[in-house]
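Down below is the structure, laid out as structure tokens.
Derivation of every value follows stated rules applied to the coordinates shown; laboratory data play no part. Predicted model, so just to flag it, every value in this text is computed and none were measured. Don't worry about glycine lacking a Cβ; one is built from the backbone with ideal geometry, like all the others, and counts go over all protein chains shown.
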Amino acid sequence: MTFDRSIKIAPSILSADFADFGRECQAIEAQGCDWVHVDVMDGHFVPAITFGPATCNAIRPHIKTIMDVHLMIAPVDPYLQAFADAGADVLTAHVEAGPHLDRTLQAIRDLGCKAGVALNPSTPPEAIAYVLDRIDLVCVMTVNPGYGGQSFLHSQIEKIRRLRQMIGDRPVHIEIDGGVSPQTAPLVVEAGADVLVAGSAVFKGGSVSNPEVYGDNIRAIRAAGEAARIAA
Ligand code: DX5
Ligand code: ZN
């Protein structure tokens with residue numbers, strides 16, 4: 001994985017057909033996505049339950065790009081090895097997912113993955129001030145984690161701007177997760193984001209038998225984001 005700040009669209013397969021992940025991943029990649037975002041939920045850290053390492057392992061051969069695994073689980077440390085073995089490229093843990101964030105991030109890198117840290121809407125940017133050299137990505141949650149299809153929280157724009165300042169020249173991606181659409185993408189890109197996760201806004205109206213809609217949706221988000229990047 002090389003680092004750059006170009007806009008990357010990462011569809012969340014939380015909005016895909018759960019009985020057809022392989023073909024869904026192939027379809028979004030064929031339609032131009034950059035990363036594939038995989039939402040792991042445990043029914044404890046967040047209300048919903050999705051899937052675990054076995055599903056990630058099954059999806060892996062169908063993904064040629066980056067497998068971006070968002071761990072909404074606590075505790076997270078006991079499961080890092082299993083998700084790394086399942087082929088994750090990026091492993092993102094929440095600040096609140098364990099007592100020793102610095103150790104968790106070191107463990108992720110020691111497993112050979114890029115280390116991400118996710119901030120809930122109520123988590124201040126300063127929570128990661130002393131781990132900035134341990135991370136490759138910060139995920140700003142622009143909804144409360146747990147479900148797709150929620151409304152974008154505008155309160156998070158200022159946080160993105162602050163994180164962009166804190167990161168400075170470090171090779172750290174700013175990923176936005178929740179309520180991203182052609183309407184909200186310009187706001188987050190202008191504030192400093194480069195990775196845009198989108199579930200509903202990518203999968204709405206399409207299917208594996210009608211995948212061109214995924215392409216149209218991906219292009220619409222990318223174009224809105226790129227316009228803001230050029231203007232910024
Ligand atoms: C929310 C997940 C998101 C979610 C985004 O807990 O982490 O990745 O799927 O879905 P949309 O784009 O529909 O808000
Ligand atoms: Zn996510």
Output for region 182-227: trypsin sites (Lys or Arg not before Pro) sitting in coil per DSSP, at most 14 other Cβ within 10 Å, listed by number, reads Lys204
Expressed to two decimals, region 1-111 has a Cα Rg over Rh, using the Kirkwood radius, of 0.96
Where does each of 18-27, 162-171 land if you order them by average Cβ count within 10 Å, highest first?
-> 18-27, 162-171
Separation between the Gln165 and Ser209 pseudo-spin-labels, each 7 Å from Cα along Cα→Cβ, expressed in nm?
-> 5.3
Two-decimal Rg/Rh of region 74-155 from alpha-carbon positions, Kirkwood Rh?
-> 0.97
Given unit charges at Cβ for Lys, Arg (+) and Asp, Glu (-), the dipole magnitude of region 13-171 about its Cα centre in debye, nearest 20, is 300
Give, in nm to one decimal, the length gained when the segment between Lys64 and Thr2 is fully stretched (0.36 nm per residue of separation minus the Cα-Cα distance).
-> 20.8 nm
How big is the Rg/Rh ratio for region 137-232, C-alpha atoms only, Rh by Kirkwood, two decimals?
-> 0.99
Evaluated at 25 °C and 0.890 mPa s, the Stokes-Einstein D of the chain based on the Kirkwood radius over Cα pairs, in µm²/s, stands at 142
Restricting region 36-132 to chymotrypsin sites (Phe, Trp or Tyr not before Pro) in coil, as DSSP defines it, with at most 12 other Cβ within 10 Å = Tyr130
May I ask you to compute the full-extension gain from Arg219 to Gln81, defined as 0.36 nm times their residue separation minus their alpha-carbon distance, rounded to one decimal in nm?
-> 46.2 nm
FRET efficiency for Ala54 and Ala232 from the Cβ-Cβ distance with R0 = 45 Å, rounded to 0.05, comes out at 0.60
